[in-house]
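Student: Dropping the structure in here first, questions after.
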Amino acid sequence: MMDQIMIGKFIAQERKRKGYTQRQLSEKLGISDKTVSKWERGNGFPEVSLLIPLCDELDITVNELLSGKRVPEEDYREKAEENMMNLVRETQENRKKIILSAMVAMLAIIAGTPLFVISGAIQMEEWVRVILIITGIVVIAMGIVIACILDRDAGAFECPECKTRFVPGMSEYIMGAHTITKRKLICPECGAHKYCKKVLTR
């Protein structure tokens, strides 16, 4: 996994070395100075489309940015491979979490639905019927909660306005209207309340 704190400190260090303020750097990249501040605090990471422009402005390589430090020429290839493997590993792990969350939700529905069917199709004592219905509700609810936790923690959501990547609070995540790949959330950086895209890296 990438060390965002270390990368943030490196961005700040190289920005100061170039004599830029956060606002000056943000203007060159076409983003808000709050986004640069968030990177430097280690609370976010530049989106892919900004990596090369950022590195060009700071006179560093993408490999050095991902490493969070200057990389000697003799170590360059080894460090590049390590950074690439970390990115691939993070993406794969988060993809697995998303698949697992979908499977958990599906299994919970498959396990809970027959209890409702049985409670309505077969004659039984009323208290038995109530227990079956309650059990069905609990099974499905628990499955959905676990699925939500897995999905929320897999990667992050990207604000369409300032491109900040963030993980929302659980209540905001559950209550947010959503499509398959987007969820309506409030960006903690710029405050925009819009559909944020799901991304596999933070």
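Student: Restricted to the range 60-84, and to residues that are in a loop (DSSP other than H, G, I, E, B) and not small (G, A, S), which residue is nearest to T181 (Cα to Cα)?
Tutor: Once the filter is applied, the top-ranked residue is T61.
Student: Consider only pairs whose beta carbons are under 8 Å apart and that are at least six residues apart or on different chains; among these, list those whose first residue lies in the range 85-105 and is under 12 Å from A156 (Cα atoms) and surrounded by fewer than 16 Cβ atoms within 10 Å (Cβ to Cβ) and whose second residue is modelled with pLDDT of 75 or more and of a type in the set (V, I, T).
Tutor: none
Student: Please pick out the residue among S32, S119 that is more than 19 Å from the chain's Cα centre (by Cα) and closer than 30 Å to R152 by Cα.
Tutor: From the options S32, S119, the qualifying one is S32.
Student: Suppose we filter I11, I60, I5 for residues that are in contact (Cβ under 8 Å) with a residue 24 or more places away in the chain, out of contact with any helix residue (DSSP H, G or I) (no Cβ under 9 Å at 6 or more places or on another chain) and at negative phi; which single one remains?
Tutor: Answer to the selection: I5.
Student: Are there any strands (runs of 3 or more DSSP E) wholly within the range 85-201 with 3 or more residues that are charged (D, E, K, R), and if so which?
Tutor: Qualifying strands (runs of 3 or more DSSP E): 182-186, 193-199.
Student: What are the residues in the range 122-137 that are under 38 Å from the mean Cα position of the chain (by Cα) and without any contact (Cβ under 8 Å) to a residue 24 or more places away in the chain, if any?
Tutor: Once the filter is applied, which keeps residues that are under 38 Å from the mean Cα position of the chain (by Cα) and without any contact (Cβ under 8 Å) to a residue 24 or more places away in the chain, the range 122-137 yields L132, I133, I134, T135.
Student: Which condition number does Y20 fail, the rest of (1) part of a helix (DSSP H, G or I); (2) hydroxyl-bearing (S, T, Y); (3) surrounded by 15 or more Cβ atoms within 10 Å (Cβ to Cβ) being met?
Tutor: Among (1) part of a helix (DSSP H, G or I); (2) hydroxyl-bearing (S, T, Y); (3) surrounded by 15 or more Cβ atoms within 10 Å (Cβ to Cβ), the lone unmet condition for Y20 is (1).
Student: Still on this model: Quick one: is G191 over 27 Å from Q4 (Cβ atoms) and modelled with pLDDT of 85 or more?
Tutor: No; evaluated as a whole, the condition is false for this residue.
The values are calculated or read from the model by the stated rules, or taken from the named source; none is laboratory data. Model, not experiment: these values are computed from the prediction. Here the Cβ is made from the backbone with ideal geometry for all residues, glycine too, and neighbour counts use every protein chain on show.
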